[in-house]
Amino acid sequence: MSENSRQRLALLGSTGSIGTQALEVVAAHPGRFEVTVLSAHKNVELLAQQARAVGARLAITTDESRYETLKQLLDGSGIEVGAGQSALQEAVQRPDVDTVLGAIVGFAGLQSTLAAIEAGKKIALANKETLVVAGELVMKRAAETGAQILPVDSEHSALFQCLVGEDPDAVEKIMLTASGGPFLGRKPNYLVNVKASHALQHPNWTMGAKISIDSATLMNKGLEMIEAKWLFGLRDEQIEVVVHPQSIVHSLVQFCDGSLKAQLGLPDMKLPIQYALAYPQRLPNTFKRFDFKDYGKLTFEAPDLKTFRNLALAIEAMNGGGNMPCILNAANEVVVGAFLQNKIGFLEMSETIESVLQGVPFVAHPDLQALEDSDTEARYVAAELVKKSALTNY
Ligand code: NDP
Ligand code: MG
């Protein structure tokens, strides 16, 4: 496909925060993109509405129990309907799909990303958990099939943009910026009482529930360190985190001559989504622009690893390697779900993840099956711990 022709998209997770913003990007560039496939899990009402609005060819619900409802909702539209993971994996390999947006949340996004890699597609990847769990396998396979993985995560998009035209060997280190989330500066005596409703109020970004909690605990930044490691082929000691509450500097690269390059912009996910979808083109748009007059100060500080222990645990998992990031991710998905349902407290999330990391056997060189097994076991151990803790405290 030439870079200027119409690009055919499969938007996985189209009903989520990233998915709906991707559709806004598509709508902002009439004629540039065509949506072939859309997928959602439970929200088939919105999925059907989106599919009709963009004239998709195929709409998939990964929750098979919603298939009949989706079918009814799309009756008479001529839009094909599919259900389940296997339908998703087939869909991303269709010849009428050029680019796959991976915007499913969590481990659930792994298989479809791998299927897109097998078909050598261009992949705009928001689903960072895929790289946390299986970054080594994913990047290796992508290099073999020629699938191009372009980051959607704002920090990684920033790093990618800073690295265009640079020699990867000239990178000394990278600095991932973190907003610090809604509890920046807070200490454990405060955090012990916070509830999900409070943690969901992010100061700069409106995102899905899971990543909002991850931002509040700083687990998001830990996941992003691991994501960066695999995306850019870095050593652990080359990856640093700096808290920057205004979320204007989206990340920085430091080169071997001491020079720093940063990418800046307003906190708006439509930018990195558009950059990944249109790459290597930069498309003009009318999104709101940054104005220095709106920001008196841009500030930077070190993260508080003692209070926000999830970040320390993620670094430990990254350093440990093997299946540790997979265990960390699975435990985190379980505790975030439990916290959202008020079953455990904010600080208990870290305690549980730490116990799960110790409780699931270490595998130094896991293949895909070993990763799936580690994920299942870690979820089980985490769920048991959550049950116990909920009985004791709530
Ligand atoms: P949301 O929760 O808003 O959306 C998730 C999407 O995935 C929805 O379409 C949802 O469908 C679908 N989904 C949920 N569970 C499953 C499942 N088991 N199988 C298949 N599909 C499923 O998440 P976000 O859009 O916030 O995040 C998506 C990904 O992008 C995450 O990995 C996140 O870390 C990453 N990301 C997000 C950013 C943001 O600003 N939101 C920024 C950077 C990265 P349904 O609606 O039907 O439940
Ligand atoms: Mg991010």
Checklist entry - Do we find that Ala56 is surrounded by 14 or more Cβ atoms within 10 Å (Cβ to Cβ) and free of Cβ contacts under 8 Å to residues at least 24 places away in the same chain in this structure? => result yes
Checklist entry - Does Glu129 fit the bill of being within 20 Å of Gly208 (Cβ to Cβ), in contact with an Asp or Glu (Cβ under 9 Å, 6 or more places away or on another chain) and among the acidic types (Asp, Glu)? => result yes
Next on the checklist: What pairs come out if I take residues in region 203-225 that are modelled with pLDDT under 95 and of a type in the set (Phe, Trp, Tyr) and pair them with residues that are within 12 Å of ligand 1 (Cβ to nearest atom) and not in a loop (DSSP other than H, G, I, E, B) whose C-beta lies under 9 Å away, six or more apart or interchain?
Outcome noted: Trp205/Ser17; Trp205/Ser154; Trp205/Ile211; Trp205/Ser212; Trp205/Ser215
Next on the checklist: Go through region 130-163 and report how many residues are hydroxyl-bearing (Ser, Thr, Tyr), under 18 Å from Ala10 (Cβ atoms) and within 16 Å of ligand 2 (Cβ to nearest atom).
Outcome noted: 1
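Suppose we filter region 136-159 for residues that are on the phi < 0 side of the Ramachandran plot and more than 16 Å from ligand 1 (Cβ to nearest atom); how many remain?
Count: 11.
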Checklist entry - Any idea which residue in region 50-92 is farthest from ligand 1 (Cβ to nearest atom), counting only those that are farther than 25 Å from Val25 by Cβ and among the polar types (S, T, N, Q)? => result Gln72
Item to check | Test for Gly180: is it part of a loop (DSSP other than H, G, I, E, B), in contact (Cβ under 8 Å) with a residue 60 or more places away in the chain, within 16 Å of ligand 2 (Cβ to nearest atom) and in contact with a Pro (Cβ under 8 Å, 6 or more places away or on another chain) | outcome: yes
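Is it the case that Ile174 is more than 16 Å from ligand 1 (Cβ to nearest atom), assigned to a helix (DSSP H, G or I) and in contact with a helix residue (DSSP H, G or I) (Cβ under 6 Å, 6 or more places away or on another chain)?
no
Quick grid of which residues meet (1) within 16 Å of ligand 2 (Cβ to nearest atom); (2) closer than 26 Å to Glu118 by Cα; (3) not aliphatic (A, V, I, L, M):
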site	(1), (2), (3)
Ser14	no, yes, yes
Ala22	yes, yes, no
Val37	no, yes, no
Leu46	no, no, no
Glu64	no, yes, yes
Lys71	no, no, yes
Leu74	no, no, no
Item to check | Selected residue (criterion: nearest to Phe33 (Cα to Cα)) from residues of region 93-135 that are away from ligand 1 (no atom under 11 Å from the Cβ) and of a type in the set (S, T, N, Q) | outcome: Thr99
Checklist entry - Taking region 117-135, which residues are among the aliphatic types (A, V, I, L, M) and within 20 Å of Ser157 (Cα to Cα)? => result Ile117, Ile123, Ala124, Leu125, Ala126, Leu131, Val132, Val133, Ala134
Checklist outcome for this item: Exactly one of Ser374, Ser355, Ser350 is under 20 Å from Asn189 (Cα atoms) and not in a loop (DSSP other than H, G, I, E, B), and that one is Ser350
Next on the checklist: Filter region 105-129 down to the residues that are under 11 Å from Leu12 (Cβ atoms), outside any loop (DSSP other than H, G, I, E, B) and of a type in the set (Val, Ile, Thr) and list them by number.
Outcome noted: Thr113, Ile123
Checklist entry - So, of the residues in region 354-378 that are touching a residue at least 60 places away in the same chain (Cβ under 8 Å) and not acidic (Asp, Glu), which turns out to be surrounded by the fewest Cβ atoms within 10 Å (Cβ to Cβ)? => result Leu368
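The values are calculated or read from the model by the stated rules, or taken from the named source; none is laboratory data. Remember, it's a predicted structure, so these values are computed and weren't measured experimentally. Please note: Cβ atoms are built from the backbone with ideal geometry, for glycine as well, and neighbour counts cover all protein chains shown.
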